Amino acid sequence: MTEHVWSYQPTAGRLAGTDLTGYKVEATDGSIGKVDKHSDEVGDAYLVVDTGVWIFGKEVLLPAGTVVRIDTDDQKVFVDRTKEQIKNAPEFHRDKHLGDTGYREELGTYYGTGAPFGGRPA
């Protein structure tokens with residue numbers, strides 16, 4: 001991934017200030033849930049997705065760099081990962097992992113950046 005993993009891709013159509021809460025989230029092979037929380041903080045943007053019945057009672061944290069398109073008319077967010085890739089990501093617990101630097105590094109590496117926080121390896 002050439003873009004920073006914790007920042008939206010310039011082509012995603014992200015409009016600053018748009019509330020994505022409640023938007024459906026679509027992986028490359030189907031729906032994974034709805035946005036429960038999101039951050040637009042520069043260099044620390046993400047989505048917390050409530051997976052509902054797909055992974056019963058679980059939430060997943062997706063770095064903003066995984067978002068390829070936002071459709072505000074249909075209220076959908078499209079990400080460039082499969083359901084299986086998202087399901088196999090490091091397990092997320094909101095109370096424990098939001099703001100946890102080590103977890104962010106692990107997740108950033110998992111989503112293919114090869115370096116903490118989506119930076120290029122030094």
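For region 3-117, a crude dipole built from +1 on the beta carbon of Lys and Arg and -1 on the beta carbon of Asp and Glu, taken about the Cα centre, is about 180 debye to the nearest 20. Compactness of the chain, taken as the C-alpha radius of gyration over 2.2 N^0.38 Å, stands at 0.96.
Couplings 3J(HN,Hα) for region 94-102, derived from phi with the Karplus relation 6.51 cos²θ - 1.76 cosθ + 1.60 (θ = phi - 60°), are 3, 5, 8, 9, 5, x, 8, 4, x Hz, where x marks Gly and Pro. When the helices of the chain are scored as -39500 (n - 2.57) per DSSP H run of n ≥ 4 and the total is divided over every residue, the value at 222 nm lands at -3500 deg cm²/dmol. Under 13 Å from the Cβ of H38, count the other residues' Cβ atoms, weight Lys and Arg +1, Asp and Glu -1, and hand me the total. That works out to -3. Pairs of Cα atoms nearer than 8 Å and 6+ residues apart set the relative contact order; for the chain it is 27 percent. When both bridge partners sit in the chain, DSSP labels roughly 85% of those beta bridges antiparallel.
Taking chymotrypsin sites (Phe, Trp or Tyr not before Pro) across region 1-83, the ones in a DSSP loop with at most 13 further Cβ atoms lying within 10 angstrom of their Cβ are F56.
Residue-wise HN-Hα couplings along region 4-13, as the Karplus relation 6.51 cos²θ - 1.76 cosθ + 1.60 with θ = phi - 60° gives them from phi, are 4, 5, 9, 10, 5, 5, x, 8, 6, x Hz; Gly and Pro carry x. Length gained on full extension, D73 to D19, computed as 0.36 nm times the residue gap minus the Cα-Cα distance: 18.2 nm. Average accessible surface for the chain: 53 Å² per residue, computed with a 1.4 Å probe over protein heavy atoms with every protein chain in place. Among the protein heavy atoms of the chain, carbon and sulfur supply 48% of the accessible surface, probe 1.4 Å, non-protein parts ignored.
The values are calculated or read from the model by the stated rules, or taken from the named source; none is laboratory data. Please read all numbers here as calculations on a predicted model, not as lab measurements. Methodologically, a virtual Cβ is constructed for each residue, glycine included, from the backbone with ideal geometry; neighbour enumeration extends over all protein chains shown. All accessible areas refer to the heavy atoms of the entire protein, side chains included, with ligands and DNA or RNA removed. Shrake-Rupley method; radii C 1.70, N 1.55, O 1.52, S 1.80 Å.
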